[in-house]
Amino acid sequence: MASAPVRAKTSKNKAFDAQVFLDSAGVARRIVEFPRKATIYSQGDPAKTVMYIRQGGVRLSVVNGTGKEAVVAVLKPGDFFGEGCLAAQPIRIGAAKAVAPTSVLVIEKDEMIRVLHTEHEFSDRFISYMLTRNIRIEADLVDQLFNSTEKRLARALLLLARYGKENQPQRLPKISQEMLADTIGTTRSRVNLFMNKFKKMGLIKYNGGLQINSSLLSVVLHE
């Protein structure tokens, strides 16, 4: 007889910890390690799993019919991806690549559906995450339509640094100017121009990696 799933411990004063739950013995999953620049899955691959980033970072991108690639998002630890399979998506509509040495927890589609149906705390956490990401996608679209390149770049950097989660400057995973340009829909030369401007203003700095100061928010808020 199958053993009952192990539940993550919670208390009234502590939010449900998705990482603890996913690492518990009650969830059928496997952990896969990817080196930097490794392909996690390609556009057109069968969509059979949901993934959760434990360490590192993942770039999501799509390629159109003429071969032009667009970066959709750069994800960090604590993010899910590949969840399209839960909505009967038969193939991956984009690609996922590691932007740093990355540890991913891979959950089979059927197992993820079982967990969502039986573990209500985890289900609430997952739904909240997906709603938040949908809001982010809508905001990204508005950003592309109405904001200047400088503001789009500042906002992209703040989002990558998870602005508001901590009060100290945040270091980003290694990310190229080409990737930033693809993310905000501009050229590398434009990104380079504004990155140099932000550096001179003390809003970012290079110190063993790109470090983002929360004062970069002033660029986004400036009219």
Total residues in segment 56-87, condition surrounded by fewer than 14 Cβ atoms within 10 Å (Cβ to Cβ) and under 12 Å from the mean Cα position of the chain (by Cα): 1
Strands (runs of 3 or more DSSP E) lying entirely in segment 30-124 (those with 1 or more residues that are at pLDDT below 95, touching a Ser or Thr at 6+ places or on another chain (Cβ under 9 Å) and under 18 Å from T183 (Cα atoms)): 58-63, 69-75, 95-98
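Condition check ((1) at pLDDT 75 or above; (2) part of a helix (DSSP H, G or I)) across all residues:
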residue: G164; (1), (2): no, no
residue: S189; (1), (2): yes, yes
residue: F194; (1), (2): yes, yes
residue: G202; (1), (2): yes, no
Counted residues, segment 11-29 - those being farther than 20 Å from C85 by Cα, β-branched (V, I, T) and modelled with pLDDT under 75: 0
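Residue check: is P90 out of contact with any Lys or Arg (no Cβ under 8 Å at 6 or more places or on another chain), surrounded by fewer than 20 Cβ atoms within 10 Å (Cβ to Cβ) and farther than 21 Å from A28 by Cβ?
Yes, satisfied.
Residue-by-condition table, conditions (1) closer than 25 Å to E69 by Cβ; (2) open to solvent by less than 50 Å² (accessible area, probe 1.4 Å); (3) in contact with a helix residue (DSSP H, G or I) (Cβ under 6 Å, 6 or more places away or on another chain):
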residue	(1), (2), (3)
M179	yes, yes, no
T183	yes, yes, yes
R190	yes, no, yes
M195	yes, yes, no
K199	no, no, no
K205	no, no, no
L210	yes, yes, no
S214	no, no, no
Residues (without any contact (Cβ under 8 Å) to a residue 24 or more places away in the chain and within 18 Å of V74 (Cβ to Cβ)) located in segment 179-191: A181, R188
Flag for D140 being exposed (fewer than 13 other Cβ atoms within 10 Å of the Cβ), out of contact with any helix residue (DSSP H, G or I) (no Cβ under 7 Å at 6 or more places or on another chain), in a helix (DSSP H, G or I) and of a type outside the set (G, A, S): no
Matching residues in segment 139-162 - criterion: being at pLDDT 80 or above and aromatic (F, W, Y): none
Those residues of segment 93-127 which are free of Cβ contacts under 8 Å to residues at least 24 places away in the same chain and open to solvent by less than 30 Å² (accessible area, probe 1.4 Å), in sequence order: S123
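The values are calculated or read from the model by the stated rules, or taken from the named source; none is laboratory data. Treat the numbers as computed from the prediction; the structure is a model and nothing was measured. Backbone-built Cβ (ideal geometry, glycine too); neighbour counts: all protein chains shown. Ligands, DNA and RNA are excluded from the accessible area calculation, which covers all protein heavy atoms including side chains. Shrake-Rupley method; radii C 1.70, N 1.55, O 1.52, S 1.80 Å.
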